[in-house]
1. Obtain the nm distance between the two label points defined at residue 23 and residue 81 by a simple spin-label model: each point lies 7 Å from its Cα along the Cα-to-C-beta direction.
2. So what does residue 152 come to for accessible area, using a 1.4 Å probe and Å² rounded to 10?
3. Under unit Cβ charges (Lys, Arg +1; Asp, Glu -1), what dipole magnitude, rounded to 20 debye, does segment 20-92 have relative to its Cα centre?
4. Place the peptides 64-77, 12-25, 127-140 in order of packing, highest mean first, counting for every residue the other Cβ atoms within 10 Å and averaging per peptide.
5. Just the number please: accessible area per residue for segment 44-86, 1.4 Å probe, all protein chains included, in Å².
Amino acid sequence: MAGGLKLFTARSDGGTPVLDAANGEELMHVQPNVSVVLGNRPPESPGTLYLSTKQVVWLSDSETTKGYSVDFLSVSLHAVSRDPEAFESPCLYTQIDNGDEGDESESCDSESSETLDLSKITEMRLVPSDPTQLDTIFNVFCECAELNPEPVIEEEEEQHNWIFSADQLGAAIGDDPEWNDSQIPFTIGYSNGDHDLASSVLELQINDHRFEDAEEMESDNSDDHHQ
């Protein structure tokens, strides 16, 4: 599930991000002097970019309590941008899946407000002070993204088992000589193992059948009385 952009403050004594080594996370690339631009906000003061096998981490050099991270699974698109009409400086442009499909609440006003709501940020630009490093950052970014493919969601086994066929309903009835398949007008399913549903319908059908016989017998008796 997409986690979106998050605050990151877990630093080691040396100032590097604390990674999840227990689950195999490894550092792949370190790029100093990189500014980060979140949405339409002004660029943050330069910091250090860390690319691991699982996430992108940016840590501020001037504020030790400031940092951001995003899992590669939440990065839906990344590309090198050198078009000055798109952005004033060459950068690595990324789109972030924050899990809010169709959410139109993000706006320039909310992104530029003093209170930053990271859950609304869907765009991030990484701007190195040395633009010649962009291709290197991009290549490592691609390599790390390939290590985090979109999980394949297997179709859940159908929990609503059906259908009762006419044969199956007949088997449930047994050897009742007054019952045959032609009297089963439909098939019926059940959900969550509710076999009582089929039994109830069978009982209803059987009762209806018997009621019809009773009505016929009553009609015959009535005719006999009138003769």
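The values are calculated or read from the model by the stated rules, or taken from the named source; none is laboratory data. Predicted model only: the values in this text are computed from it and were never measured. Here Cβ is always computed from backbone atoms with ideal geometry, including for glycine, and neighbour counts include all displayed protein chains. Surface accessibility is based on the protein's heavy atoms, side chains included, excluding ligands, DNA and RNA. Shrake-Rupley method; radii C 1.70, N 1.55, O 1.52, S 1.80 Å.
1. The modelled label-to-label distance comes out at 3.0 nm.
2. Roll a 1.4 Å probe over it and residue 152 shows about 130 Å².
3. On the way: 4 positive and 10 negative charges, 9 e Å.
That gives a dipole near 40 debye.
4. Working: 64-77: 17.6, 12-25: 11.3, 127-140: 15.2.
Packing proxy ranking, top to bottom: 64-77, 127-140, 12-25.
5. Working: 1860 Å² over 43 residues.
On a per-residue basis, 43 Å².
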